[in-house]
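Before any comments, here is the structure.
The values are calculated or read from the model by the stated rules, or taken from the named source; none is laboratory data. The shown structure was predicted, so the numbers you read here are calculated from the model rather than taken from an experiment. As a convention, Cβ positions derive from the backbone with ideal geometry for all residues, glycine included, and neighbour counts pool all protein chains shown.
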Amino acid sequence: MDSYIVRQAISNEKNDTMGYEIIYKDNSFKEGFTDDASAANAIENFLSLMDSGKFLDGKTAFLTFTSNLLEKNIPKMFSTNKLVIQIEDSLITNPISQNLIAKYKQSGYRIAVVDFEFAPRFFGILDIVDYIKINFSPSNMNDPSIESIVNIGRSFGKIIIAYNIETQEAYNKAKEIGCTYFQGSFVSEKMPSEIKKVNYLQSNFFLLMVAVTRDEPDIDEIENIISRDVSLTFSLLKLVNSAYFALRNRAHSVKQALVILGLGQLKQWIYLLSFKQDDGSMPDELIKISFLRATFASELLDSAENMPISRSEAYLMGMFSTLGKLMQTPLDEILEQLPIGDEIKNALLSYEGRSGTLYKLILSYERADWNTMSQCASELGIPQSIIAQKYFECVENVNSVWSGLTRSNDDGEEIK
């Protein structure tokens with residue numbers, strides 16, 4: 001069953017994630033079936049395939065509902081503080097839908113309207129709307145009416161969310177005209193302007209310090225800790241492949257690097273790193289994207305045909321995909337310092353080869369670009385029926401690890 005579900009972060013200008021929009025697609029229904037059937041099937045899969053708490057990492061879900069699903073009380077499967085009911089233009093003109101939405105509002109649910117316009121058909125529900133979502137795609141962002149909608153919406157006390165933010169230009173405009181939250185691929189990978197160096201996740205670093213100081217250090221445990229932090233992985237490989245070690249063959253994985261370095265020098269390296277810890281300004285979402293892409297790439301590789309890279313190389317490809325953002329340096333310059341083959345470099349820089357197709361599949365899935373994702377999966381021989389399940393498992397794995405590394409103040413809090 002080809003059902004796809006992806007989460008897209010909704011963040012403020014400080015990169016604090018306040019919720020995720022859950023975007024879904026279902027190809028299992030033939031022509032003639034309604035959107036209700038497709039949406040219901042996707043929501044059922046969403047609820048049955050995963051623990052929503054782990055998948056959402058304690059954040060609020062923005063989920064689009066059809067009129068029939070509202071009528072059948074499907075939103076009540078979610079607690080009021082964990083769901084924003086998202087509605088599209090087609091429901092605005094339906095009096096029955098308007099009454100249903102008003103009842104959900106009275107029950108404590110929050111309401112978001114996609115592509116709101118200050119036209120007569122919208123006035124009937126204006127009082128019950130909490131969020132107005134505005135499309136900032138390249139074809140829409142220069143619409144002269146957008147700024148007026150934002151200004152009027154804010155004057156009525158509505159929270160404005162700019163979505164389809166894919167470029168710096170779109171982000172700048174949305175921020176300039178007063179949008180409060182932002183959603184899109186540019187937002188997910190955006191770094192604060194003051195970050196000038198690669199940082200280490202502090203709690204992860206402390207776990208590493210504990211692991212190497214045990215009476216009998218476990219190399220597998222140490223490898224796992226380093227492998228989930230893009231900054232530590234980058235620093236370790238760069239160190240081991242430096243002129244100091246004068247290796248005949250370069251280390252291409254974390255485990256190889258650890259074997260070469262040895263426990264004594266590993267402790268010295270960690271001691272040096274302890275003087276340059278993260279100041280807390282690195283956005284959590286970007287670190288999690290690195291970890292998620294790495295895990296997703298290695299999992300999908302097992303199902304791909306005729307791949308020229310190993311599982312560990314696929315992991316590094318996903319992990320290093322965010323290094324350009326993290327270090328605020330062109331990615332090609334960074335990759336020149338790393339002991340990875342041309343197959344991975346070309347995949348990350350220009351989507352070349354089958355590795356590039358795998359990388360493009362991962363990015364397309366993140367962006368809910370289902371057509372491109374499907375084409376890439378077919379090219380690689382990956383059964384499309386397994387992709388959503390793999391994605392769920394990877395997200396939950398990343399969030400489970402993350403929750404053990406950080407102390408979140410967001411769990412259980414309702415967004416304001």
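Residues in segment 331-371 that are at pLDDT below 95 and among the β-branched types (Val, Ile, Thr): Ile334, Ile340, Ile344. Taking the conditions (1) out of contact with any His (no Cβ under 9 Å at 6 or more places or on another chain); (2) surrounded by 20 or more Cβ atoms within 10 Å (Cβ to Cβ) in turn, Pro383 satisfies each one other than (2). Residues in segment 306-359 that are among the basic types (Lys, Arg) and touching a Ser or Thr at 6+ places or on another chain (Cβ under 7 Å): Arg311 alone. Looking only at segment 374-393, residues that are modelled with pLDDT of 95 or more and of a type in the set (A, V, I, L, M, F, W, C) come to 4 in all.
Please work out which residue is surrounded by the fewest Cβ atoms within 10 Å (Cβ to Cβ), limiting yourself to segment 131-179 and to residues that are β-branched (Val, Ile, Thr) and within 19 Å of the chain's Cα centre (by Cα). Checked segment 131-179; the qualifying residue surrounded by the fewest Cβ atoms within 10 Å (Cβ to Cβ) is Thr167.
One line per residue, one yes/no per condition, for (1) buried (at least 16 other Cβ atoms within 10 Å of the Cβ); (2) out of contact with any Leu (no Cβ under 8 Å at 6 or more places or on another chain):
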{"residue": "Gln328", "(1), (2)": "no, yes"}
{"residue": "Leu331", "(1), (2)": "yes, no"}
{"residue": "Gln337", "(1), (2)": "no, yes"}
{"residue": "Gly353", "(1), (2)": "yes, yes"}
{"residue": "Leu363", "(1), (2)": "yes, yes"}
{"residue": "Ser378", "(1), (2)": "no, yes"}
{"residue": "Lys390", "(1), (2)": "yes, no"}
{"residue": "Val395", "(1), (2)": "yes, no"}
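For (1) at pLDDT 65 or above; (2) surrounded by 18 or more Cβ atoms within 10 Å (Cβ to Cβ); (3) out of contact with any strand residue (DSSP E or B) (no Cβ under 8 Å at 6 or more places or on another chain); (4) part of a helix (DSSP H, G or I), each residue gets a yes or a no:
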| residue | (1), (2), (3), (4) |
| --- | --- |
| Gly53 | no, no, yes, yes |
| Leu69 | yes, yes, yes, yes |
| Lys76 | yes, no, yes, yes |
| Asn81 | yes, no, no, yes |
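Checked against (1) in a loop (DSSP other than H, G, I, E, B); (2) closer than 23 Å to Ser253 by Cα; (3) modelled with pLDDT under 90, Leu316 meets all criteria but (1).
Looking only at segment 322-358, count how many residues are in a helix (DSSP H, G or I) and either in contact with a strand residue (DSSP E or B) (Cβ under 8 Å, 6 or more places away or on another chain) or among the hydrophobic types (A, V, I, L, M, F, W, C) (or both). Of the residues in that region, 11 qualify. Could you tell me whether Thr80 is assigned by TED's automatic domain parsing to the domain that holds Gln8, under 21 Å from Lys25 (Cα atoms) and hydroxyl-bearing (Ser, Thr, Tyr)? So Thr80 does not fit the description; no.
Is it the case that some residue within segment 240-259 is β-branched (Val, Ile, Thr), on the phi < 0 side of the Ramachandran plot, modelled with pLDDT of 70 or more and surrounded by 22 or more Cβ atoms within 10 Å (Cβ to Cβ)? Yes: segment 240-259 contains one or more residues that are β-branched (Val, Ile, Thr), on the phi < 0 side of the Ramachandran plot, modelled with pLDDT of 70 or more and surrounded by 22 or more Cβ atoms within 10 Å (Cβ to Cβ). Kindly provide the set of residues from segment 210-239 that are modelled with pLDDT under 75 and not in a helix (DSSP H, G or I), ordered by number. Passing the criteria: Thr213, Arg214, Asp215. Ile128 meets the conditions (1) exposed (fewer than 14 other Cβ atoms within 10 Å of the Cβ); (2) at pLDDT 85 or above; (3) more than 29 Å from the chain's Cα centre (by Cα) in every case but one. The failed one is (1).
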